[in-house]
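S.K.: Sharing a structure, written as structure tokens. Questions coming.
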Amino acid sequence: MVVSEVITLASKDDTGIYLYDLRNGTLQTTLTNSSAVDNGVCLIGTEYVAVSQSGKALLHLYSWNKDSPMYKIPMQEKTGPLCATSDGLYCCMGTASGTIYIWETASGALVRTWEAHYNKITTITFTRDDCFLLSGGDDGVINVWTLESLLNKEESLMRTKTSFTDHSLGITSIYCGYGGSNSRVYSVSNDRTCRVWDLVQQRAITSIVFPTNLTSVVVDASETVLYVGGGDGVIYQTDLISLSQTSLDMQHSQQQQSFVTNVSNQLQQQLKKTFVSSSSKSITALNLSFDGSLLISGTLDGQCNIWDTFSRQTVRSIASLKGAITSIQVLFNPIDNLSMNQDSNRKQSNQPLQPFEKYTSDKASSNIPIKLSTLPINNQFNQLIESSLTFNNQYNPSINNNTQQQESTEESNNNNNISNNEENIANMVKEINRFKQELDKQKKLNRKLVDQMVEDSISKGDDKQQIQKQREAIMNKNLMEIEKQDKEERKKEQQEQKQKQQQQKKQEKVAAAVEQEPEEEQDLILLEKPKTPKQPKKPAQAKQSAKKVPIKALPSKAKK
Amino acid sequence: MAPTATKKQQQNNANNNNKNKRPVETTPTINKVKKVKSSNTSTSTSTKTTTFDQIPKIQNNLEIIKDIIDQYFESSQQQSISITKDIESTIVQLLHHNQCLCKVLNVKENNKIALKWVQSIASMIRNKEDKNVSLFGLTMLVETIRIANYELMVEYQNQWCTLLTEAATDATRKGTAAADKYQLVMVAMSLLVDKSALWNDTRRSITSNNTINSFITSATAPFTNTTNATNTTNTTSSSNAEKLSGVLAICSFIDSLDASIKPFVGRLEVIAYSLLFGSDSQLSEAATSLISRLPKCIGVSAADIYWGVSLNKIITSMDVSVDRLFKGIPSDKSNLVQSRVVLLPKNAATGAIEGNDQLNAHLTHLINIATPALPTTPSQITEQETRSFQNLTSCLSSILTTSTLTACQLPIDRIIKLISRILNIGFTQISSNPYNDFTLIQQVSIITKLHCSSYQLLSILFKVLRKAMVPFIKTLSSTLLRPLRVMESYTNLKIQKDLFETIKDAIEAIGASCSDSLAVPLVPILLKQILPYIPEQQQAAIQEKKTKKKGAQPEAQMTGPAQQQTVGNVDATKIHDGSDHQLRVSALQVLESLLINAGSLLGSSVRTQIDSTIVSLVMHCQTLLVKKLIFVNSSYQCDTYRSLLYSCMLQLAIKPISGIPPVLPYTIRLMSNGASTDNSPQVRSTCIQGVSICESIIHPQCPNLQAPTIHSNLSSLKKSINQYQLENNNSNNNNNHFFNQQQQEQEIDQVEQDEQESGSDEESGSVSDDDEKLDISLNDIDDEDEEDEEEEEETIISTTSKTTTTTTSGMKSGLFNDLSFNSATSASSKNNNNKKQQQQQQDISEDEDEDLDFDIVDESPSEDEN
């Protein structure tokens, strides 16, 4: 499906608002019975358009489903420029007396009116994040208002957030770039300057002087190119960025270009002055296509030109409008030709919109009309509905749950493998320590047994020296044996550890390894335990031998 | 061809092997089927290699279906094999593999097999001897309905309807014994209705033939059983699972048939509201879903009125339960004045609607559905009322998050009043003066539960209404900030977490508009909350180490303030555990979203506070990491905490404001350090993202606004003039016209006059403004846009010799100078230009000197600290 962009053209004297396809120039539809003031057309959300009627205290509200106005709303005074928040919740209008009105579109309630300028308000716009409202007037001032303060009913006296007063003549157009409250604002004025403002620093960044009074301004989405429409019918293009310092000449040959409307060659002799006054009138409105490749301009005599921004050639001219073009909007085609002008229940299924109030009332406070859309919240039942009616989980949910759990446990196993190994190592070290402690206990036992044996032999009346020698010999022997045992055990332990580490490296099942290893170590204990009863026997044998064998033999053994 | 064929065979066999592997434990019978299948595939591929993709598959599918009918359907009825769950699931997988069942049944040529399939399923479902067989049959039916196309539906819809109704009545008669059968029947019914709603004639046959009536009767059977259970002993009360599946089926009916359910709305209302006030949480959740769907049944014309009344009813019930729970607590009387009776909407609203009486009957029925009676003892009251309040809140949330057919009037004022009434009563009020029969423990539990529910409701409101909440933000921000200011009394972690989440939702919903009322007063609280916890012993250990190394390392000095702050955040009386980190994490999340939405609007003093705190925390964390002193149980050990610290720092770098030193140099250095040194992959990925963003700030694709030199500008003008002359000579039919030289002269003369006229205005204006601001004439743009200071640093450092700025006087006189335009030959103008350039370069160098001085001032703290 091809996405088509359309442009809406509104004029001061014509009786309709025209929607043309931007790319092929076909007329999509005409919204009847409207002639708009300057900047007097605004889109409310995606479904509605508001139009300030020129020279009347009347505002028309259109839906894209119908070509005649949904509501014709009388106002307190002659209408002026319009703007709406990006979600279409609030709509603002400035008037010739310097008053700004703000409505809640869903209920139509007039939230506030306040004196914003000393003179006629010529342009009004919201920042892209709807945080600030910017208004420019013939008094040369740009006022910045916060939406929060506008909607705060407790605040009776409106104060501006900032005022920009650098322009010396009336403001004609304001363009607010992307970036919300951090954005840059471009304003043009009759004093022939275009100024760029930073909302964060709340001051002008730069100012560009042009050779004529300026009427309209537009900047491409990436804010690299500035287009300014002049009172002389010329559109001035300015590159805001030169990408490379080295190729200055290349850049600056393109730096300053101008769009000149199609004037016959004979008239070129009197070019500038006659240009403005004769065939080509002042530029009144400018806009860009979404990709920035096409520039749409409207003039005072109702001619709309579509330019290619790269070659600066006119791609198409639309000259069907009477009177000055006051507003150009570019949007995705909202018209569904099949359902156009078909009154059914569509009105109800659209976003809520009520006719705007002429005077303030308390209507806004109690209820908000809203068309809700589904939001995901933590409702287990809704999840259950989804899961039970879709294929994947429907049949035998228990199995699925199990498999999910298994998967999750496997994942956690994988994740925890390293930590598990560490734990296992720590456990093994603990066990080894335990074995060592047992060994120590057994050694102590041995000594006690030896002592007992010796004491027994003393009680039987052997020589003390012999006994001592015997004792020493046995002790030495025992020590030797114990040392040997120790060495063997250490070797075994080391081997075990090596095996375990290898096992861990291979990431085999750790649990099995843990189960096996205690068994092996239990075997070790079993091996050791039989030794302990044998040890006491040895001194006994020694005692017997001491009785039989000559005593000299003992020291020799001990020496060995 | 031969080798390719063998390859394909191998692949095919491999696939079959994989299929065999998939079910973990397969019975021998299943293996048989698969063997048959694999042998078929191998033979078919060997015989027909050319049309491998299409024909064999269909044939295989046919074989599989035939086999399933032969092996399972018939043998199970003869009770030669018993169908286990494993077999069932494997068969279901087989049916959907390569869309097997779909491709077989939805082809006209396979009429006979389809008939056989459907008949055998029907006979299996009707089998009353073995419960498993009928369950298996139902499962097969569910899968058949799932894949059925229009022809199949037209042919078998009525048959299935009667089959399912029979099965449902059978299952309900058996009670809880056949609960699983009932659940399957409900799923099959909802799928059948869902499928039928796709085509007009099938839909009509469902809705007009009294079928839907019997469906809804069987779906509501568990609820009628329970009411009868007290009277008759034969019928057993239905289990919750049956009730759940009943509600599930009803919800699905409403989704697919919407307005056709209108005659049954009364019955459904009674069920839904009785479940809502019930004790089972799952069932009450189901009831909320059902209630939020009910307005759809009424139809487009009156859906909004019904929606309004049901919302009104729920809010009124919430008011009533709050009345009961807060009995005796002094509160704002304006809340109490409001009547606790749900009223019918005014006739003006309903008058225009056709079938007015019917609608009124619906609405009065809805209003008159009774809420449960109040129990006597205080403990029962607390339990029941808090539970019902929580259920009502979730019901309200569910209604607010379900899409409506038309625009509805949301009584936002009433909801916000209710919320602020609850939130205005904190723990301090109850502990000081016991007010009624409730004990202190009960009071605390009441307050805790009500507050949590209110915060959740408020979150939903913010998410749903977004910018429409801006008018209430001042009231709400004071309500939300109060508990944070007196945090000591709010030691309940859940409340605090919910509170932070609500604030986060508020900031995200409203955006920068919250900066004054919510963001600025929130910042000091958040900065206190995010400070890390470090266990005291380890704190002492650091200090010892520090005293040893005193004066030796500048880093130790640098982290000093941060540590002092951390000491301040250690509360000796608090139990510090994992959940405590959660609070810090949620506070950091709030701070992050605050910086994203309103980072540049906070004002320089607040921003300085945030900048210094966050950067010092990150530095502290990194120094501890370097020294390997990240402690057990300290906040730094929490990965999410660290990663959020980094992302907050990134936001600070992205949203610089003028007047305070930029965070970017710190950010990029700390981020790249974190990307290489941090242990956690989560934190590392945050750091890597951050580094890439910082890099794009430093080396932007689109640099600052920059100005050309005057020389080049004039040369370009000359070029264009020359070009125009050439073009003029060559062709006169070009669309795009440039001025010729004479015209240019005229223009310039005129412009010069204009300049002189407006120059006085301009100059007077520019004198009054900042000196840094520059005026540029005719398409020249200021280089010193002063967008981001860090960017400026970069550009100035890298292109000190190249950047050129222009002064107001030089520009204007230069550009509209007669000399420069009159001179067709370039030599004289070049001389002039060179002179001017020299002059201007002097100016520039002066300007740059100033800038550089400024930059050095900016840079100095980073150097000191690093």
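The values are calculated or read from the model by the stated rules, or taken from the named source; none is laboratory data. From a predicted model like this one, the values you see are computed outputs, not experimental measurements. Cβ placement follows ideal geometry from the backbone for every residue including glycine, while neighbour counts extend to all protein chains displayed. Only protein heavy atoms, including side chains, enter the accessible area calculation; ligands, DNA and RNA are left aside. Shrake-Rupley method; radii C 1.70, N 1.55, O 1.52, S 1.80 Å.
S.K.: Every residue in the stretch A:165-183 that is facing another protein chain (nearest Cβ under 10 Å) and either modelled with pLDDT of 90 or more or over 32 Å from the mean Cα position of the chain (by Cα) (or both), please. Spell out the reasoning first.
M.R.: So in the stretch A:165-183, the residues facing another protein chain (nearest Cβ under 10 Å) come out as A:165-169, A:179-182.
A:Thr165, A:Asp166, A:His167, A:Ser168, A:Leu169, listed by residue number.
S.K.: Filter the stretch B:119-134 down to the residues that are surrounded by fewer than 22 Cβ atoms within 10 Å (Cβ to Cβ) and assigned to a helix (DSSP H, G or I), then identify the one that is nearest to the chain's Cα centre (by Cα). Please lay out each step first, then the result.
M.R.: Here is the first cut: in the stretch B:119-134, the residues surrounded by fewer than 22 Cβ atoms within 10 Å (Cβ to Cβ) are B:119-120, B:122-123, B:126-132.
From the residues that got through so far, the ones that are assigned to a helix (DSSP H, G or I) too are B:119-120, B:122-123, B:126, B:131-132.
Numbers: B:Gln119: 47, B:Ser120: 47, B:Ala122: 45, B:Ser123: 48, B:Arg126: 47, B:Lys131: 44, B:Asn132: 43 Å.
Here the residue is B:Asn132.
S.K.: Further question on the same structure: Whether any residue in the stretch B:72-82 is at pLDDT 85 or above and among the aliphatic types (A, V, I, L, M) is what I want to check.
M.R.: Within the stretch B:72-82, the first condition is being at pLDDT 85 or above, and the residues that meet it are none.
Within the stretch B:72-82, none of the residues are at pLDDT 85 or above and among the aliphatic types (A, V, I, L, M).
S.K.: Considering only the stretch A:367-387, state which residues are part of a loop (DSSP other than H, G, I, E, B), within 7 Å of chain B (Cβ to nearest Cβ) and of a type outside the set (A, V, I, L, M, F, W, C). Before you say what the answer is, go through the steps one by one.
M.R.: If we filter the stretch A:367-387 for residues that are part of a loop (DSSP other than H, G, I, E, B), which is where we start, we get A:367, A:371-379.
Right, trim to within 7 Å of chain B (Cβ to nearest Cβ) and you get A:367, A:371-375, A:377, A:379.
Listed by number, the residues that qualify are A:Asn367, A:Lys371, A:Ser373, A:Thr374, A:Asn379.
S.K.: Among the listed residues B:Ser301, B:Ser279, B:Ser239, B:Ser321, which satisfies the condition of being over 26 Å from the mean Cα position of the chain (by Cα), modelled with pLDDT under 90 and within 14 Å of chain A (Cβ to nearest Cβ)?
M.R.: Working: B:Ser279 fails: within 14 Å of chain A (Cβ to nearest Cβ); B:Ser239 fails: within 14 Å of chain A (Cβ to nearest Cβ); B:Ser321 fails: within 14 Å of chain A (Cβ to nearest Cβ).
It is B:Ser301.
S.K.: List the number of the failed condition for A:Val196; all other conditions in (1) part of a strand (DSSP E or B); (2) more than 9 Å from chain B (Cβ to nearest Cβ); (3) open to solvent by less than 10 Å² (accessible area, probe 1.4 Å) hold.
M.R.: Unmet condition: (2).
S.K.: Counting just the residues of the stretch A:63-82 that are surrounded by fewer than 24 Cβ atoms within 10 Å (Cβ to Cβ) and not in a loop (DSSP other than H, G, I, E, B), which one comes out farthest from the chain's Cα centre (by Cα)?
M.R.: Taking the stretch A:63-82 and keeping what is surrounded by fewer than 24 Cβ atoms within 10 Å (Cβ to Cβ), we get A:63-78.
If we keep only those that are not in a loop (DSSP other than H, G, I, E, B) as well, we get A:63, A:71-74.
Numbers: A:Ser63: 32, A:Tyr71: 38, A:Lys72: 41, A:Ile73: 40, A:Pro74: 42 Å.
Per the stated criteria, the residue is A:Pro74.
S.K.: Quick one: in the stretch A:309-325, which of the residues that are over 14 Å from A:Ile7 (Cα atoms) and part of a strand (DSSP E or B) is most open to solvent (accessible area, probe 1.4 Å)?
M.R.: For the stretch A:309-325, the residue satisfying everything is A:Val315.
S.K.: Separate question: Applying the selection to the stretch B:333-358, what residues are at pLDDT below 60 and outside any helix (DSSP H, G or I)?
M.R.: Within the stretch B:333-358, B:Gly351, B:Ala352, B:Ile353, B:Glu354, B:Gly355 meet the criteria.
Listed here are the residues, each with its yes/no results for (1) within 23 Å of the chain's Cα centre (by Cα); (2) at pLDDT below 90; (3) of a type in the set (A, V, I, L, M, F, W, C).
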residue	(1), (2), (3)
B:Ile369	no, yes, yes
B:Thr377	no, yes, no
B:Thr393	yes, no, no
B:Leu450	no, no, yes
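S.K.: Which numbered condition in (1) farther than 17 Å from B:Thr386 by Cβ; (2) open to solvent by 10 Å² or more (accessible area, probe 1.4 Å); (3) within 11 Å of chain A (Cβ to nearest Cβ) is the only one that B:Lys296 fails?
M.R.: If we test B:Lys296 against (1) farther than 17 Å from B:Thr386 by Cβ; (2) open to solvent by 10 Å² or more (accessible area, probe 1.4 Å); (3) within 11 Å of chain A (Cβ to nearest Cβ), just (3) comes out false.
S.K.: On to the next question. For the stretch A:184-193, name all the residues that are over 25 Å from A:Ser86 (Cα atoms) and either of a type in the set (Phe, Trp, Tyr) or more than 9 Å from chain B (Cβ to nearest Cβ) (or both). Before the answer, list the steps.
M.R.: Residues of the stretch A:184-193 over 25 Å from A:Ser86 (Cα atoms): A:189-193.
Answer for the stretch A:184-193, where residues must be over 25 Å from A:Ser86 (Cα atoms) and either of a type in the set (Phe, Trp, Tyr) or more than 9 Å from chain B (Cβ to nearest Cβ) (or both): A:Ser189, A:Asn190.
S.K.: Out of A:Gly140, A:Gly179, I need the residue that is free of Cβ contacts under 8 Å to residues at least 60 places away in the same chain, among the small types (Gly, Ala, Ser) and over 21 Å from A:Gly98 (Cα atoms). Which one? Steps first, please.
M.R.: Details: A:Gly140 fails: over 21 Å from A:Gly98 (Cα atoms).
Going through A:Gly140, A:Gly179 in turn, just one is free of Cβ contacts under 8 Å to residues at least 60 places away in the same chain, among the small types (Gly, Ala, Ser) and over 21 Å from A:Gly98 (Cα atoms): A:Gly179.
S.K.: Please go through the stretch B:371-398 and give me each residue that is surrounded by fewer than 18 Cβ atoms within 10 Å (Cβ to Cβ) and either in a helix (DSSP H, G or I) or touching a strand residue (DSSP E or B) at 6+ places or on another chain (Cβ under 6 Å) (or both), ordered by number. Outline the logic, then answer.
M.R.: Residues of the stretch B:371-398 that are surrounded by fewer than 18 Cβ atoms within 10 Å (Cβ to Cβ), as a first pass: B:371-380, B:383, B:387.
Across the stretch B:371-398, the qualifying residues are B:Pro378, B:Ser379, B:Gln380, B:Glu383, B:Arg387.
S.K.: Of the conditions (1) more than 14 Å from every other protein chain (Cβ to nearest Cβ); (2) modelled with pLDDT under 90; (3) over 23 Å from the mean Cα position of the chain (by Cα), B:Pro471 fails just one. Which one is it?
M.R.: Result: B:Pro471 fails condition (1) only.
S.K.: Which numbered condition in (1) within 15 Å of A:Ser327 (Cβ to Cβ); (2) modelled with pLDDT of 90 or more; (3) open to solvent by 30 Å² or more (accessible area, probe 1.4 Å) is the only one that A:Leu58 fails?
M.R.: (1)
S.K.: Within the stretch A:184-193, how many residues turn out to be farther than 15 Å from A:Leu169 by Cα and open to solvent by less than 10 Å² (accessible area, probe 1.4 Å)?
M.R.: Narrowing the stretch A:184-193 to residues farther than 15 Å from A:Leu169 by Cα: A:184-186.
Then keep just the ones that are open to solvent by less than 10 Å² (accessible area, probe 1.4 Å); that gives A:185-186.
Result for the stretch A:184-193: 2.
S.K.: Please verify whether the stretch A:98-118 includes one or more residues that are in a loop (DSSP other than H, G, I, E, B), at negative phi, within 13 Å of chain B (Cβ to nearest Cβ) and surrounded by fewer than 21 Cβ atoms within 10 Å (Cβ to Cβ). Don't jump to the end; show me each part of the working.
M.R.: First pass over the stretch A:98-118, keeping only residues in a loop (DSSP other than H, G, I, E, B): A:98, A:105-108, A:116-118.
Then keep just the ones that are at negative phi; that gives A:105-107, A:116-118.
Those still in the list that are within 13 Å of chain B (Cβ to nearest Cβ) too: A:105-107.
Filter once more, keeping what is surrounded by fewer than 21 Cβ atoms within 10 Å (Cβ to Cβ): none.
No, the stretch A:98-118 contains no residue that is in a loop (DSSP other than H, G, I, E, B), at negative phi, within 13 Å of chain B (Cβ to nearest Cβ) and surrounded by fewer than 21 Cβ atoms within 10 Å (Cβ to Cβ).
S.K.: Something else now. How many of the residues making up the stretch B:410-439 are assigned to a helix (DSSP H, G or I) and at pLDDT 80 or above? Explain how you work it out, then say what you get.
M.R.: Filtering the stretch B:410-439 down to residues assigned to a helix (DSSP H, G or I) leaves B:412-423, B:427-432.
Retained after the next criterion (residues that are at pLDDT 80 or above): B:412-423.
The total comes to 12.
S.K.: Sticking with this one: Residues that are within 12 Å of chain B (Cβ to nearest Cβ), touching a strand residue (DSSP E or B) at 6+ places or on another chain (Cβ under 6 Å), closer than 27 Å to B:Ser513 by Cα and not in a strand (DSSP E or B): does the stretch A:201-216 have at least one?
M.R.: yes
S.K.: Go through B:Pro554, B:Pro535, B:Pro561, B:Pro524 for me and flag whichever is surrounded by fewer than 22 Cβ atoms within 10 Å (Cβ to Cβ) and at pLDDT 90 or above.
M.R.: B:Pro524
S.K.: Can we say A:Glu386 is at pLDDT below 65 and under 30 Å from the mean Cα position of the chain (by Cα)? Before the answer, list the steps.
M.R.: Values: at pLDDT below 65: no; under 30 Å from the mean Cα position of the chain (by Cα): yes.
The answer is no for A:Glu386.
S.K.: Would you confirm, using the coordinates I've provided, whether A:Gln442 is modelled with pLDDT of 80 or more, more than 30 Å from B:Gly137 (Cβ to Cβ) and in contact with a Ser or Thr (Cβ under 6 Å, 6 or more places away or on another chain)? Break it down stepwise before answering.
M.R.: Numbers: modelled with pLDDT of 80 or more: yes; more than 30 Å from B:Gly137 (Cβ to Cβ): yes; in contact with a Ser or Thr (Cβ under 6 Å, 6 or more places away or on another chain): yes.
So A:Gln442 fits the description; yes.
S.K.: Let me ask something else about it. If you take the residues of the stretch B:399-408 that are in contact with a helix residue (DSSP H, G or I) (Cβ under 8 Å, 6 or more places away or on another chain) and open to solvent by 20 Å² or more (accessible area, probe 1.4 Å), which of them is nearest to the other protein chains (Cβ to nearest Cβ)? If you could, list the steps in order and put the result at the bottom.
M.R.: Filtering the stretch B:399-408 down to residues in contact with a helix residue (DSSP H, G or I) (Cβ under 8 Å, 6 or more places away or on another chain) leaves B:399-402, B:404-408.
If we keep only those that are open to solvent by 20 Å² or more (accessible area, probe 1.4 Å) too, we end up with B:402, B:405, B:407.
Values: B:Thr402: 6, B:Leu405: 6, B:Ala407: 3 Å.
Only one residue fits best here, namely B:Ala407.
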